[in-house]
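Asker: What follows is a structure written as structure tokens; I'll ask about it next.
Derivation of every value follows stated rules applied to the coordinates shown; laboratory data play no part. Computed from a predicted model, the values in this text were never measured in an experiment. Methodologically, a virtual Cβ is constructed for each residue, glycine included, from the backbone with ideal geometry; neighbour enumeration extends over all protein chains shown.
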Amino acid sequence: MQENNKTNKNYRALVLVLLTLVYGFNFIDRQIVGILAPFFSEELGLNNTQLGMLTGILFAAFYTLVGIPIAWLADRYNRTHIISVSLFVWSGFTALTGFANNFMQMGLARMGVGVGEAGGSPPSHSIISDLYPKEERASALAIYSLGIPFGIMFAYFAVAMLLGKSGETVNWRRIFIILGVIGMVFAVVVRLVLREPKRGAQELGASTKPLKTEPFGKSLKTLLTIKSWWYMCFGISSASFVGYAFNAFQTKYLVPFDPEFNFKTIMIVLGVINGICYAGGTYFGARLADKFGKNNVRAYGLLPAMAVAIACPLAILAFWVGSVWAHLAVVSVFVFFLGFYLGPSFAIAQTLAPIHMRAMSTALFFFILNIIAMGLGPTFTGIMADFFDKTHDGVHAVRLALSLTSLALLVSAGFFLLAAKNLPKDWADAEKRNEAVASD
């Protein structure tokens, strides 16, 4: 029995690592557009609004629309198949992005990436929740969320490695194609290794009865009654509104801010910052939430609220310091605190949802998150940058736009505080609902 438990723990750790890598590829394919923006936007003649649409609404619209039906499938059919097919599809469209010759073609490719990526997180969150009990779920989902900073880190490193020898020549087409092909190969590996776990395993124990599924309308009606689920959702959406805008326009700001600063150096340093500071904040924040949440579940809302409130002035300061190195130093502290909200937010989305609609819970969570954050964040910043560009130079226009966008972190802190207020009741209600499902 002890050997079997050890095997199960080793296998679930392997699953968590593989799903984290899949999520990393998810963010490589998102981040690479923002990193390469100064180069393909110049070649294709794109303005800030069009750039914001490519990284924002064009991607997010299809991501969110397709996410709901895919989650419906994931609550009923094999989730590992859905994940591997989705990874193959979005990686294929990433490769196709490298062949775009205008805004329309690149927009269609990004829509395809959005369609594929919609099948990544909902089934992954559901699988992780079947492998880890609720007391360990924030930490497990935080490890999964490390796919964000590690994916961003690898995107920066990949660009640095694939630059011309001088560090000034950027073949953006080749970078898209190579990363897309690597993702397609990894999708085959995922398909061969992952096995479908038992649904609701942590709550149902040894029961062999299959879970009943619920219609979409009933699932939505249930989730509508959980206040803290919605407050956590709007909290992560408001914070990610800033994060996505930041990623979309950071290099667009830095390259003209100091044209003499080596671009390859910027890529390497930003990669290190995301791999150490952002990843550290993501993991450390979740561990703290699980530690304090054992005695007071309000910690899952209070900790993110404090972190994003600290992150707000840092985000603004990063664009008002006088050098690239000073910007990178402030960003290091900013992304550390920004990572705190990821694990607790995703854990609450799973823990408060009934066990037979966890994929749907994540899909609805991401539907709202990505419409607000991914769809509107870069788009809003791009529109504001073009607006300020009428009376300011390009660098200052982006600085003003991102400073204005960063105020959304204060809105995020307010939502997390509201979530903390309602969490004790909603947590207790969720336990009763899941006990009822398990005994049915």
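Asker: State the Cα centre-to-centre distance between the range 54-125 and the range 215-293 in whole Å.
Answerer: Here the two parts' Cα centres lie 19 Å apart.
Asker: Rg to Rh ratio, the range 292-426, alpha-carbon atoms and Kirkwood radius?
Answerer: Ratio value, two decimals: 1.05.
Asker: Can you give me the relative contact order of the range 304-440 as a percent, contacts being Cα pairs under 8 Å and 6 or more apart?
Answerer: Relative contact order here is 35 percent.
Asker: Hey, in the GNM for the chain with a 10 angstrom Cα cutoff, which one of T251, T265, T64 fluctuates hardest?
Answerer: So, out of T251, T265, T64, the one fluctuating most is T265.
Asker: Note the direction-averaged projected area, equal to a quarter of the hull surface, for the Cα convex hull of the range 93-195, in nm².
Answerer: The directionally averaged projection comes out at 8.0 nm².
Asker: Grab the Cα-Cα distance for N47 and A13, subtract it from 0.36 nm times how many residues apart they are, and report the gain in nm with one decimal.
Answerer: Result for the pair: 7.8 nm of gain on full extension.
Asker: Which whole-Hz ³J(HN,Hα) couplings does the range 289-301 yield from phi under the Karplus relation 6.51 cos²θ - 1.76 cosθ + 1.60, θ = phi - 60°, glycine and proline marked x?
Answerer: Working through the residues one at a time gives 4, 5, 5, 7, x, 5, 9, 8, 5, 4, 4, 5, x Hz.
Asker: Quickly work out the M161-to-E135 label distance, labels modelled 7 Å from Cα along the C-beta direction, and quote it in nm with one decimal.
Answerer: Output for this residue pair reads 4.1 nm.
Asker: To continue, here is another question. Give the angle, between 0 and 90 degrees and rounded to the nearest 10, that separates the Cα long axis of helix 79-97 from the longest principal axis of the Cα atoms of the chain.
Answerer: Between helix and principal axis, roughly 10 degrees.
Asker: With θ set to phi - 60°, apply the Karplus curve 6.51 cos²θ - 1.76 cosθ + 1.60 along the range 107-116 and write out the HN-Hα couplings as whole Hz, x wherever there is a Gly or Pro.
Answerer: Those phi angles translate into x, 5, 5, 5, 4, x, 4, x, 4, x Hz.
Asker: In nanometres, what is the gap between the two model label sites at V181 and V321, each 7 Å from Cα along Cα-to-Cβ?
Answerer: With each label point 7 Å from Cα toward Cβ, the separation is 3.9 nm.
Asker: While we're here: At 0.36 nm per residue, and after removing the present C-alpha to C-alpha distance, how many nm does the segment from Q105 to N262 gain when stretched out fully?
Answerer: My answer for the length gained is 53.5 nm.
Asker: What list of ³J(HN,Hα) values in whole Hz, one per residue of the range 308-323 in order, does the Karplus curve 6.51 cos²θ - 1.76 cosθ + 1.60 (θ = phi - 60°) give from phi, with Gly and Pro shown as x?
Answerer: Listing the rounded values in order: 6, 5, 5, 5, 4, x, 5, 4, 5, 4, 4, 9, 10, 7, x, 8 Hz.
Asker: With +1 on each Lys and Arg Cβ and -1 on each Asp and Glu Cβ, how big is the dipole of the chain about its Cα centre, in debye rounded to the nearest 20?
Answerer: Here the chain has a charge dipole of around 1060 debye.
Asker: Could you tell me which of A109, G151, I35 has its Cα farthest along the dipole of the range 35-163 towards the positive end, charges placed at Cβ (Lys, Arg +1; Asp, Glu -1), taken about the Cα centre?
Answerer: A109
Asker: What residue among G92, G322, G235 shows peak mean-square fluctuation when the chain is described by a Gaussian network model with Cα springs under 10 Å?
Answerer: G322
Asker: What relative contact order, as a whole-number percentage, does the chain give when Cα pairs under 8 Å and 6 or more residues apart are counted?
Answerer: It rounds to 27 percent for the chain.
Asker: So how tilted is helix 342-351 from the main axis of the chain? Cα-based, degrees 0 to 90, rounded to 10.
Answerer: 30 degrees
Asker: Got the relative contact order for the range 36-134 handy, in percent, Cα pairs under 8 Å and 6 or more residues apart?
Answerer: The value is 38 percent.
Asker: Let me ask you something else. What FRET efficiency comes out for V272 versus L404 if R0 is 30 angstrom and r is the Cβ-Cβ distance? Round to the nearest 0.05.
Answerer: 0.60
Asker: Under 25 °C and 0.890 mPa s, how fast does the range 324-365 diffuse according to Stokes-Einstein, given a Kirkwood radius computed over C-alpha pairs? Answer in µm²/s, whole number.
Answerer: Calculated translational D: 200 µm²/s.
Asker: Where is the GNM fluctuation largest for the chain (alpha-carbon springs, 10 angstrom cutoff): T351, T362, T225?
Answerer: Sorting by GNM fluctuation, first place goes to T225.
Asker: Right, another one. Can you give the Kirkwood hydrodynamic radius of the range 28-173 from its Cα pairs, in Å with one decimal?
Answerer: Here the Kirkwood hydrodynamic radius works out to 16.5 Å.
Asker: How big is the chain along each principal axis, measuring the range of its Cα positions in Å and listing the largest first?
Answerer: For the chain, the Cα extents along the three principal axes come out at 65, 43, 41 Å.
Asker: Among I182, F257, I316, whose Cα lies farthest out toward the positive end of the dipole of the chain, if unit charges sit on the beta carbon of Lys, Arg (+1) and Asp, Glu (-1)?
Answerer: So the residue furthest toward the plus end is I182.
Asker: Quick check: residue separation of E196 and L73 times 0.36 nm, minus the Cα distance between them. What number comes out in nm?
Answerer: 42.9 nm
Asker: Pairing the Cα long axis of helix 358-369 with the longest principal axis of the chain, what angle in degrees results, from 0 to 90 and rounded to the nearest 10?
Answerer: 30 degrees
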